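Q: This is the structure I want to talk about, given as C-alpha cells.
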Amino acid sequence: MPESHYDTDGITAAAAMLSAAGYAVALTGAGLSVESGIPSFRGPNGLWTRYGPPGNLSYRVFTRDPQDWWERRLRDEITPGNPTYDLKDAVDNAAPNPGHRAIADLERAGILKATITQNVDDLHGRAGSRSVLEIHGNRNYLRCIGCGRRRPRAEFVITDVPPVCPQCGGVIKPDTVMFGEPIPRATLDACFAEVQRCDVMLLVGTSGTVNPAAQFPLLARERGAKIIEVNPAPTHLTDAAHVVVTGAAGEMLSQIVASLRRRPDDAG
Ligand code: APR
C-alpha cells in the first residue's frame, strides 16, 4: 500500500475544529472543481496562466457595446482556442467530485451552515448543497442589468443580440460576474452576514486573490473565527489559517468527513 499522501495532522485538527464549531461556513474556489476537470484560473494549468488574465474593465467593455460583446461571446463559445470555449467545454462536461460531496455531507451533518463559492459551475448545487451563495454568479443563468431578474439560460432563446429583458427592456448578460462589475447587492450582503456569523471558516481551493471574497477569511479571523485552509499549495491566505490541510480537496475533505464520523460525539 503506497504511503498515504494525507496531511493526517491537518485532517485531524480540521475535523476537531469543525466538530467544535457552532456555525461553520465554507469559502470555495476554482481548485475545488479542478478534480471535476475544470481548469483553475491561476497556477500551472490555469486559464489566465494560459491565455492571460482578463482586464479589470470587462464589465465596462460589455456595457459600452453589449451587441459587439454578445456577438463575440456567441462566437467564442463555439470556437476552440479561447478561455470562454475551454471553460464552457469543461463545465458542460463536469460532474461534482468527492470534494463537492464532502461539502454537502458537512452541510447535511449540520456542521456547515453555508457555502460561499466563487465558482460559477453549479457543482455545489448538483452535489446536494442547499445553502450556497454564488458570489460570482452561476453560468447556467442570465441576468438583466436593468431590473436584476435572473433566468435559466436554457429557458431563454437568444434571437437578437444583445438579448433584452421581456419585463423591463434592460440588457441581459450572463449571470457570471465580470471583472469591474458590482456583485449583486443581495448576494454580497448575504455573504457578509455569513462572515459575521461564522466561528469557523473552511477555505477550499482558492488562491485568495480576488476581492471581496479574499477579505472574508481575514474579516472572520479578526472577529475571532478559526480558519482552516485546504489546498495543495500555499496561498495568500495560508498565513491567516489556524489549520492548513495540504492536499487536493477531494481527498482531504473526504478524509475530514471520515475523521468526523469516527469521532464518538459527532453527527454525520
Ligand atoms: N484541490 C484544492 N485546491 C486546488 C486543487 C485541488 N485539487 N488544485 C488547485 N488548487 C488550488 C490552487 O493551489 C490555487 O490556490 O486552487 C486555487 C485556485 O486559485 P485560482 O485559480 O486563483 O481560483 P480562485 O481563487 O477561485 O479565483 C478567484 O478569480 O478570475 C477570478 O472569477 C474568477 O472566481 C475566480 C476568482
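The values are calculated or read from the model by the stated rules, or taken from the named source; none is laboratory data. Nothing here was measured: the structure is a model prediction, and the numbers come from that model. Every residue, glycine as well, gets a Cβ built from its backbone with ideal geometry; the counts of neighbours run over all protein chains shown. In case anyone asks, the SASA skips ligands and DNA or RNA and just uses the protein heavy atoms, side chains included. Shrake-Rupley method; radii C 1.70, N 1.55, O 1.52, S 1.80 Å.
Q: Taking ASN45 as the residue in question, decide whether it is within 11 Å of the ligand (Cβ to nearest atom) and over 30 Å from ALA220 (Cα atoms).
A: yes
Q: For the structure I just gave you, tell me whether LEU57 is of a type in the set (A, V, I, L, M, F, W, C) and open to solvent by 70 Å² or more (accessible area, probe 1.4 Å).
A: Answer is yes for this residue.
Q: If you don't mind, another one. Does ALA114 satisfy the condition of being more than 14 Å from the ligand (Cβ to nearest atom), in contact (Cβ under 8 Å) with a residue 24 or more places away in the chain, more than 23 Å from ASP189 (Cα to Cα) and open to solvent by less than 30 Å² (accessible area, probe 1.4 Å)?
A: For ALA114, the condition - more than 14 Å from the ligand (Cβ to nearest atom), in contact (Cβ under 8 Å) with a residue 24 or more places away in the chain, more than 23 Å from ASP189 (Cα to Cα) and open to solvent by less than 30 Å² (accessible area, probe 1.4 Å) - is not met.
Q: Count, please, the residues in region 92-111 that happen to be over 20 Å from ALA190 (Cβ atoms) and open to solvent by 10 Å² or more (accessible area, probe 1.4 Å).
A: Summing the residues that are over 20 Å from ALA190 (Cβ atoms) and open to solvent by 10 Å² or more (accessible area, probe 1.4 Å) in region 92-111 gives 9.
Q: Closer than 25 Å to ASP92 by Cβ, without any contact (Cβ under 8 Å) to a residue 40 or more places away in the chain, assigned to a strand (DSSP E or B) and open to solvent by 10 Å² or more (accessible area, probe 1.4 Å) - does that describe any residue in region 135-142?
A: Yes, region 135-142 contains at least one residue that is closer than 25 Å to ASP92 by Cβ, without any contact (Cβ under 8 Å) to a residue 40 or more places away in the chain, assigned to a strand (DSSP E or B) and open to solvent by 10 Å² or more (accessible area, probe 1.4 Å).
Q: Condition test on VAL91, is it more than 12 Å from the ligand (Cβ to nearest atom) and under 14 Å from the mean Cα position of the chain (by Cα)?
A: yes
Table: residues versus (1) surrounded by 23 or more Cβ atoms within 10 Å (Cβ to Cβ); (2) among the acidic types (Asp, Glu); (3) in a strand (DSSP E or B); (4) more than 9 Å from the ligand (Cβ to nearest atom).
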residue: GLY224; (1), (2), (3), (4): no, no, no, yes
residue: VAL230; (1), (2), (3), (4): yes, no, yes, no
residue: PRO234; (1), (2), (3), (4): no, no, no, no
residue: ASP239; (1), (2), (3), (4): no, yes, no, yes
residue: GLY250; (1), (2), (3), (4): no, no, no, no
residue: SER254; (1), (2), (3), (4): no, no, no, yes
residue: ALA258; (1), (2), (3), (4): no, no, no, yes
residue: ARG261; (1), (2), (3), (4): no, no, no, yes
residue: PRO264; (1), (2), (3), (4): no, no, no, yes
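Q: Under 6 Å between Cβ atoms, which residue pairs at least 6 apart in sequence (or on different chains) link something in region 246-268 that is on the phi > 0 side of the Ramachandran plot with a partner that is open to solvent by less than 70 Å² (accessible area, probe 1.4 Å) and modelled with pLDDT under 95?
A: Partner pairs satisfying both residue conditions: GLY247/ASP7.
Q: Please list, ordered by residue number, the helices (runs of 4 or more DSSP H) wholly in region 13-102 having 2 or more residues that are without any contact (Cβ under 8 Å) to a residue 40 or more places away in the chain and out of contact with any Asp or Glu (no Cβ under 7 Å at 6 or more places or on another chain).
A: Output list reads 47-51, 58-64, 66-76, 83-92.
Q: Is it the case that GLY128 is touching a residue at least 12 places away in the same chain (Cβ under 8 Å) and touching a helix residue (DSSP H, G or I) at 6+ places or on another chain (Cβ under 6 Å)?
A: In short, yes.
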